[in-house]
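For reference, the structure discussed in these notes is given below.
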Amino acid sequence: MNGDVSEIDDADFFFAKDGAINPEAELEATLEAFFSHKPKDDNSSICKFPARYEWLKTQLNADDFPKAKCSEYEKILKRVDPKSTTLVFPAAHINSPASMFGHTFLRINSSYNSKLLSYAVNYAADANAETENGVIFAIKGLVGGYYGLYSLLPYYEKLKKYRDIQQRDIWEYDLDLSQEETMQMFRHIWELNGTHSYYYFFTENCSYNMLWLLEVARPTLELRAHFTYDVIPLETVHVVKDAGIIKDMSYRPSKRTKLLKYETLLEKKYLELPIRLVENKCSVESVAGDREIDINQKRYILESAVEYLEYQYSRSKVKKEEYLELFHQLTSQRAKLGITKPLSIKTPPNPIDGHRAVRAQFGVGAKDSEPIAYIGIRPAYHDLEDSSYGFLRGTQIEFLNLLASYSKDETKVEEATIISIVSLAQRSTFFKSFSWRTKIGWDNDYLSDKPTFGFNVGAGYSWGNKLGYLYFLLDPLFYMDNSPVSGISATVGFKVDRFKDFNTNVEARERLYDNGRRQLLINALQGVRISQNRQIVLKYDYKEKLEKSVLQSEQTFRLMFKYYF
């Protein structure tokens, strides 16, 4: 509840007509329902609301509280077997804007040795982002146009969705919640079965409701109080960490991560073989029987072929009958080559060791040899100029970024971004990804010397290695001068991100406008991460500007300090 107002929007959750806004009336109605003479079976109030029942029984210290036979509840309770709780964070999905913030859900651990047999608690909008119109999906999600629903599914089902189909690395944070606290949370989850609340992408979203459940488990936690206008999944993990209830962490690599690892193990001449096997361009027997292929290379070929086959099947690129037959052939031949050590994948930087979402910055510099000062604020979330430590490589998503400058001549808005999204997905043997970006807002990157509203969306390709990555993009663009102007931009850039505390960015753009004019833009940046949430940046900008119908160059050097919180 927020004050005396419940955040559950479903009237069926309450006994009193005004129960959502009147806790006293709801308490009286609850006690009346529990003590009613109606049959005490699965349909009784006691069985539907076990968390309320246990809380009231404890608070009233009552030994003669009414009892009920809750067969269905006991059956599910026995199956779930709540022992402890884990917060799960599927990291960002490289080419999905809706998933670039990541996601969180809870795993209720049981007494089984395998965590895969535990159950996952998820909260999501009752909508299908894959089939619904993207614009409508975004608008309805912003204004609460969807119901949010809870689900309780086997953990392996959630892994299949996030790790294997959506290619997202999984981070698991074991929480310091006792068995009784986990049990209390489970009772409340049972009460929420079939109820709904309005889902808001930025506030009452998946991560907000996971914090809500953790507060139910341990009421002394005040996790939701840290958020007002937006609830970013990774930020909720930071808040849980700051609360001191994370006791252990683990990492599960995605199918994408595994396949990229096999690309480093396979010799260059064999890189295409796993793909050829899945596409039936060569037989499993011919590869297994080839004496010129080293046994370790055969193992890698067959293992990566299995991973790639599963990946293609998850994308509906392979029919079920073909998948089952080829899977049997590949695994049978691989079994004949003997047991080896599991694939060794180095654990990447933990997302909670990366910078926080809100960024404040200030700095000084010189524009065409004249001194200038800068100050800026951004509520969310991450851009390519920030340190990428703990973040998915090549991704950017930021809202409402504001940067202003002051010189002896004027105070000026340098940038006022509404939204900017970048996805530079590096291409590889297994992944023929494309890169794209879009930006809406005001900046000073156009021909005029004043802040100009513009919109651009572009696409291209990116390639990378351990040192960094290179990208090429074509960006159709539009901006407002005295009249609308359109054009196209060709971009080439690279980023060096091999080192934990250093990142280097260089980008050049050549623009051609519909009025026949051209413009060259170049920027270079060197960032130094001095702590998790502090960064120093040295940046150079070269811009061609139109002054009195003549193209002039503008050069700016700046030294910026960035603080994240």
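The residue of segment 1-21 that is farthest from N209 (Cα to Cα), among those that are of a type outside the set (D, E, K, R) and either in a helix (DSSP H, G or I) or open to solvent by less than 50 Å² (accessible area, probe 1.4 Å) (or both), is A16. Check whether at least one residue in segment 179-193 is open to solvent by 50 Å² or more (accessible area, probe 1.4 Å), at positive phi and touching a residue at least 40 places away in the same chain (Cβ under 8 Å), and report yes or no. Scanning segment 179-193, I find no residue that is open to solvent by 50 Å² or more (accessible area, probe 1.4 Å), at positive phi and touching a residue at least 40 places away in the same chain (Cβ under 8 Å), so the answer is no. If only residues of segment 98-126 that are within 13 Å of D81 (Cβ to Cβ) and open to solvent by 30 Å² or more (accessible area, probe 1.4 Å) are counted, the one that is modelled with the highest pLDDT is Y119.
Scan segment 296-315 and tell me whether some residue there is assigned to a loop (DSSP other than H, G, I, E, B) and open to solvent by 20 Å² or more (accessible area, probe 1.4 Å). Yes, that holds for at least one residue. Can you tell me which residue within segment 442-467, out of those that are among the small types (G, A, S) and open to solvent by 10 Å² or more (accessible area, probe 1.4 Å), is nearest to R427 (Cα to Cα)? The qualifying residue nearest to R427 (Cα to Cα) is G464.
Surrounded by fewer than 16 Cβ atoms within 10 Å (Cβ to Cβ) and either on the phi < 0 side of the Ramachandran plot or touching a Lys or Arg at 6+ places or on another chain (Cβ under 8 Å) (or both) - does that describe any residue in segment 254-261?
Taking segment 254-261 first, the residues surrounded by fewer than 16 Cβ atoms within 10 Å (Cβ to Cβ) are none.
Checked against the condition, which is being surrounded by fewer than 16 Cβ atoms within 10 Å (Cβ to Cβ) and either on the phi < 0 side of the Ramachandran plot or touching a Lys or Arg at 6+ places or on another chain (Cβ under 8 Å) (or both), segment 254-261 yields no hits at all.
Among all positions in segment 479-488, there is at least one residue which is among the hydroxyl-bearing types (S, T, Y) and either under 23 Å from the mean Cα position of the chain (by Cα) or open to solvent by 60 Å² or more (accessible area, probe 1.4 Å) (or both).
Candidates in segment 387-414 are the residues that are without any contact (Cβ under 8 Å) to a residue 60 or more places away in the chain and among the hydroxyl-bearing types (S, T, Y); of these, the one that is least open to solvent (accessible area, probe 1.4 Å) is S405.
Within segment 415-439, the residues that satisfy the criterion of being within 30 Å of V550 (Cβ to Cβ) and open to solvent by 20 Å² or more (accessible area, probe 1.4 Å) are E415, A416, K439. The residues of segment 316-337 that are in a loop (DSSP other than H, G, I, E, B) and touching a residue at least 40 places away in the same chain (Cβ under 8 Å), listed by number, are V318, K336, L337. If you go through segment 281-295 and keep only what is of a type outside the set (D, E, K, R), open to solvent by 50 Å² or more (accessible area, probe 1.4 Å) and in contact (Cβ under 8 Å) with a residue 24 or more places away in the chain, you end up with just I295.
Checked against (1) open to solvent by less than 50 Å² (accessible area, probe 1.4 Å); (2) touching a residue at least 40 places away in the same chain (Cβ under 8 Å); (3) more than 20 Å from T438 (Cβ to Cβ), K495 meets all criteria but (3). Inside segment 500-540, can you point out the residues that are part of a loop (DSSP other than H, G, I, E, B) and either surrounded by 14 or more Cβ atoms within 10 Å (Cβ to Cβ) or touching a Leu at 6+ places or on another chain (Cβ under 7 Å) (or both)? R517, Q532, N533 - these are the residues of segment 500-540 that are part of a loop (DSSP other than H, G, I, E, B) and either surrounded by 14 or more Cβ atoms within 10 Å (Cβ to Cβ) or touching a Leu at 6+ places or on another chain (Cβ under 7 Å) (or both).
Within segment 396-412, the presence of a residue that is outside any strand (DSSP E or B) and among the aliphatic types (A, V, I, L, M) is excluded.
The values are calculated or read from the model by the stated rules, or taken from the named source; none is laboratory data. None of the values given here were measured: they were computed from a predicted structure. Reconstructed Cβ throughout: ideal geometry from the backbone, glycine too, with neighbour counts over all protein chains shown. Accessible surface is based on the protein model in full, side chains and every heavy atom, while ligands, DNA and RNA are left aside. Shrake-Rupley method; radii C 1.70, N 1.55, O 1.52, S 1.80 Å.
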